[in-house]
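**Q** Below: one structure in C-alpha cells.
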Amino acid sequence: MRKNLWAGVVLALAAGLIVLVSSALDLELESTALLGAALGAVVALVPDRSAAMRLGGFATGFVFAWVGYVIRAALLPDTAGGRAVVVTLTVLLCVLVTVASRDKLPLWSLLLGTAAFTGAYEFTYTQSPPELMTTSVSTATTLLFNVAVGFLAATLIGGPEPHEDSGVHRHEPPADNNENMELNDFMGAEAK
C-alpha cells in the first residue's frame, strides 16, 4: 500500500513537472502528459513478466497502431468499413505476437500500446489524414517521452516483483485423505 502511495505521488509530481517544463520551453508535451505518464506507470506497476517484456509488448502494440494508420491513409477509404478493417487487423496482430512469443509478451501490454497511440493520435489524424507522416511522428515522440517519464517515475519507488505466469495459483490439498474425503466418498460411506 505504501509503495503505491509513493509511486502515485512521484508520478503526479513528474506529470506536473512535464507540463511546467514543456510550457516554459515550448516543447508541446502537454497534450499527452497525463496519458503518457499514466500509461508508463501502468507498464511499470503491473507485476506481470519482466519489465523488458512489458515494455516490448507496449512498443510492439504502439508500432502496430502506427502502421494501422499508415495502412488506413494509404490503402483504405475513410469509412466505417476501412476503420473496422484496421482495428481488426491491429488486434489480431497483437494476438498473433502473444501466441508466437508463447505469452512472453503479454497481450495486455500489446493492447495498451495500441490504445496509447490510438488515443493520442485519432483526433489529429481525422483532422488531416494527408499530414500523417509529420503529425504521427510528432504525436509518437511526445507520447513516448511522457510514457518514459511515467515508467521511470513509477520504477523509482521500486515496482512490484514480476510474476512469470498470470494463471490462478492453486493450493494442493494436504496429504491426509481422512480430512479431505470427497463428497461422493462420504455419501457412499453413508449409504452402506
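**Q** Taking the criterion of being closer than 13 Å to Tyr69 by Cβ, modelled with pLDDT of 95 or more and polar (S, T, N, Q), would at least one residue in region 89-110 satisfy it?
**A** For region 89-110, residues closer than 13 Å to Tyr69 by Cβ, modelled with pLDDT of 95 or more and polar (S, T, N, Q): present.
**Q** So, in region 98-128, exactly how many residues are surrounded by 14 or more Cβ atoms within 10 Å (Cβ to Cβ) and either touching a Cys at 6+ places or on another chain (Cβ under 8 Å) or assigned to a helix (DSSP H, G or I) (or both)?
**A** Within region 98-128, residues that are surrounded by 14 or more Cβ atoms within 10 Å (Cβ to Cβ) and either touching a Cys at 6+ places or on another chain (Cβ under 8 Å) or assigned to a helix (DSSP H, G or I) (or both) number 19.
**Q** Further question on the same structure: Do any residues in region 107-130 that are more than 17 Å from Leu35 (Cα to Cα) have Cβ atoms under 6 Å from those of residues that are among the β-branched types (Val, Ile, Thr) and at pLDDT 95 or above, where the two are at least six apart or on different chains, and which pairs are they?
**A** Cβ pairs passing all conditions: Leu107/Thr98.
**Q** How many of the residues making up region 4-32 are surrounded by 13 or more Cβ atoms within 10 Å (Cβ to Cβ), closer than 26 Å to Pro106 by Cβ and not β-branched (Val, Ile, Thr)?
**A** Going through region 4-32 one residue at a time, the tally reaches 6.
The values are calculated or read from the model by the stated rules, or taken from the named source; none is laboratory data. Being a predicted model, the structure only gives us computed values, none of them experimental. No Cβ is skipped: glycine too gets one built from the backbone with ideal geometry, and neighbour counts run over all protein chains shown.
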